[in-house]
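Okay, so here's the structure we're looking at.
The values are calculated or read from the model by the stated rules, or taken from the named source; none is laboratory data. Keep in mind the model is a prediction, meaning the values are calculated, not measured. Heads up, the Cβs are rebuilt from the backbone with ideal geometry, glycines too, and the neighbour counts pull from every protein chain shown. Accessible surface is based on the protein model in full, side chains and every heavy atom, while ligands, DNA and RNA are left aside. Shrake-Rupley method; radii C 1.70, N 1.55, O 1.52, S 1.80 Å.
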Amino acid sequence: MLQTIACIAMPQMAPFEFGVICEVFGIDRSDTGGPTFDFHVVAADPGPIPTKLGFDIVVHEGLDFARTADLVAVPAALIDEPVDERVSQVLREAVERGAWVLSVCSGAFTLGRAGVLDGRRATTHWMYTERLAGMFPRADVDADVLFVQDDKVVTGAGTAAGIDAALHIVRTELGASAANMIARRMVVPPQRDGGQSQFIQTPVAECRSDSFAKITEWMVEHLDEDLTVDLLARKALMSPRTFARRFRAETGTTPNAWLNRQRLLRAQQLLEETSFTLEEIARDTGFGAAAVMRHHFVKVLQTTPTAYRRLFGMRVAS
C-alpha cells in the first residue's frame, strides 16, 4: 500500500518539478474523498536548500524517513551537480527493499549516479536524453515517452510529464478513482499513457478549442455507441480526413486511441465502484464484449479486468 512518501530536496533543484511531487502527494484531499499520504520533504543536510531560481527552501528533516518510505522521489536538479552519497545510498536501499522510486525530469541523473538505472529502461526530458544515455551507458534510455516504469523505478520526462508519472504510481497502487480524484483537483488529464510521445503538438491530451471540447464531451457521454470517424466528423461538420487531422493536432492522438483510453478509464471506475458483470461493463463502455475489454486491459494496463476488480473493487466498496 502506498502510504509514506519522501521527497528528497536537492541543492539547485527546479522548483516546479519539486512542486509537482508536493502537489500530487503532499495535499490532504480527504474532504473530497481523495487519498492522503504521510508526506515528508527531507534532505541530506536539513536547513536552507538553494533552488536553481535563486531562492531557498527550508527543509527540517534528514534522510531517516526516506529509509522506510513506500516511495522515494527526487525532483529535477542541475545535471552536472554531484549527488551526495548519502542520497545515493537511500535510493539504492529503496530499490533493494522494493519501494517505489520516482524521478522527475533531470532527476533521472540523480538515479543514474546512484546506479539505480543500470540495466533499466529510463527517460528524462528530451533535451537531456542523449546526455543521460552517454553518462549512463548501462541504462536503456527512451527519448520519446512521457514516463517509463521498470520494476518499481519510474522516470518521468520533462516538467508536466512528472505529473503523469506520479499519477501512474497512484493509479497502480490505489486504483483509478484515487488518481482521478487527484487529477480533478489539479485540473489535469487523469491519464496519459507512459508511451505517449513527448513531441505532441499540445502539452496535454485535452482539447483546447471549444469546438473539439464539445465533441470530446459528447464522445464521453456516448461511449457505449459505435463512434466511427465518419459519425464524429459529421457531428463536427468536417470531412473525415479533416476531422482526423484536427483531432490529432488537438489531442496528440487518434480518435480511436482517445476513445479506447476513455473507455478504459470508465471501465476501471465501474470495476471499482459497481457490481456490474464484465459483460455489462463491456457493453456500457463501448467495448461490446468482455473478451474485447480484456484485450485492451492486458495491452494497456498489463492486467485483466477480473484481477483489477480483485485489487481495487472491494477497497472502494468497503
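Key figures for this structure:
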| quantity | calculated |
| --- | --- |
| Amide hydrogen neighbours beyond the local backbone of Phe39, cut-off 5 Å, H modeled | Ile5 |
| Solvent-accessible area, 1.4 Å probe, carbon plus sulfur percent, for the chain | 51 percent |
| Residue-wise HN-Hα coupling along segment 130-140, computed from phi with Karplus coefficients 6.51, -1.76, 1.60 (Hz; x: Gly, Pro) | 5, 5, 4, 5, x, 6, 10, x, 7, 8, 9 |
| Per-residue SASA entry for Asp284, accessible area with 1.4 Å probe, Å² rounded to 10 | 80 Å² |
| MRE, 222 nm, helices only [DSSP H, n ≥ 4, -39500 (n - 2.57), over the chain, to nearest 500] | -13000 deg cm²/dmol |
| Candidate residues Met186, Met293: accessible-area rank, largest first, probe 1.4 Å | Met186, Met293 |
| Accessible surface, the chain, averaged per residue in Å² (probe 1.4 Å) | 46 Å² |
| Packing rank of 242-252, 221-231, where each peptide gets the mean count of other beta carbons within 10 Å, highest leading | 242-252, 221-231 |
| Other-chain or far-sequence residues with amide H under 5 Å of Ile57's (modelled H) | Ile49, Thr51 |
| Ala77 long-range amide H proximity, modeled H, under 5 Å | Ala14, Ser106, Gly107 |
| With DNA, RNA and ligands ignored, accessible area of Tyr128 (1.4 Å probe; Å², nearest 10) | 70 Å² |
| Alpha-carbon centroids, segment 111-179 and segment 1-46: separation in whole Å | 18 Å |
| Probe 1.4 Å, all protein chains present, accessible-area order of Ser88, Ser275, Ser177, largest first | Ser275, Ser177, Ser88 |
| Qualifying lysines (Cα of each under 29 Å from Cα of Lys52; at least 8 residues distant if same chain) | Lys152 |
| Candidate residues Arg138, Arg241: accessible-area rank, largest first, probe 1.4 Å | Arg241, Arg138 |
| For Val41, solvent-accessible area (1.4 Å; no DNA, RNA or ligand), Å² | 40 Å² |
